1. Need one word for region 1-150: rounded, prolate or oblate. Basis is the Cα gyration tensor (sqrt eigenvalues a ≥ b ≥ c); a/c below 1.5 gives rounded, then a/b vs b/c decides.
2. Pairs of Cα atoms under 8 Å, at least six residues apart: use those to get the relative contact order of region 40-144, whole percent.
3. What is region 163-210's relative contact order, in percent, from Cα pairs under 8 angstrom and six or more apart in sequence?
4. Relative contact order (percent) for the chain, with alpha-carbon contacts under 8 angstrom and 6 or more residues of separation?
5. Measuring with a 1.4 Å probe in the full set of protein chains, what accessible area per residue, in whole Å², belongs to region 70-210?
6. Counting helices only, and only those DSSP H runs with n ≥ 4, report the 222 nm mean residue ellipticity of the chain as the sum of -39,500 (n - 2.57) divided by its residues, in deg cm²/dmol to the nearest 500.
7. Per the 1.4 Å probe, what fraction of the accessible area of region 51-102, in percent, lies on carbon and sulfur atoms?
8. So how far apart, in nm, are the two label points at residue 23 and residue 116 if each is 7 Å from Cα heading toward Cβ?
Amino acid sequence: DVGLIQPDTAYAARFRDQRGMDNVRIPTLAEVFELVKRKGADHVRFNIETKITPDSGDDAPPPDVFAAMLAKAVRDAGLTSRVSVQSFDWRTLKAMQKIAPEIERVCLTIEALMEDNIRRGKTSSWTAGLRVDDFGGSVPRLVQAAGCAVWSPYYRNVTAAQVKEAHGLGLKVIPWTVNDPSEMARLIGLGVDGLITDYPDRARTVLKAK
């Protein structure tokens, strides 16, 4: 049952406006696809994240198996043109490139004190064997080398210079997870190609104002 956040937790405090519901179960991906088809919502796209880490062990399928299962579900639904696959662990993205190159891939990144999948000055187990230092410290160039069409950075990491560089490399830039309207406005002003947010209503308000 995933319809309610555990109350009185720090996590719940971040989503005070959320409306809880009882008896909400996690649907399969096929059920999500079927729901959208049933609604006739042909404009809806799917940004699917493979939840896997270098330390997942038996908690997740191996990257190539994970990618194959996902590719089959997308192809069976006939939705390859409306799906993007994203991950912080780029091993599944590399596998998707071989298994289903027609499906758009999105490289997720974060460089923060507590979380960092780029690991400057080190070899990162998150980036499928690629090192940012081998690309002059450029994350956009690292993303391009990984075969992704989209770079999805943590919104606090995004600079105007990086957006310009990414666009020059032919990459789309879609930051995550932007919930503050002033940050939304800043990023839109930098020319990003989209936003990931928990509050699409706030994003619509900002976009209308602009």
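The values are calculated or read from the model by the stated rules, or taken from the named source; none is laboratory data. Computed from a predicted structure; not experimentally measured. Note that we place each Cβ from the backbone using ideal geometry, even for glycine, and neighbour counts take in every protein chain shown. Only protein heavy atoms, including side chains, enter the accessible area calculation; ligands, DNA and RNA are left aside. Shrake-Rupley method; radii C 1.70, N 1.55, O 1.52, S 1.80 Å.
1. Values: a/c = 2.01, a/b = 1.24, b/c = 1.61.
It comes out oblate by the Cα gyration axes.
2. Working: 145 pairs, mean separation 23.2, N = 105.
After rounding, I find 22 percent.
3. Details: 46 pairs, mean separation 18.7, N = 48.
Result for region 163-210 is 39 percent.
4. Values: 303 pairs, mean separation 24.7, N = 210.
With pairs under 8 Å counted, the relative contact order is 12 percent.
5. On the way: 6690 Å² over 141 residues.
So region 70-210 comes to 47 Å² accessible per residue, rounded to a whole number.
6. Working: 8 runs with 73 residues, N = 210.
My calculation for the chain gives -10000 deg cm²/dmol from helical runs alone.
7. Details: 1420 of 2640 Å².
About 54 percent, which is the carbon plus sulfur part of the accessible surface.
8. Result for the modelled spin labels: 4.8 nm.
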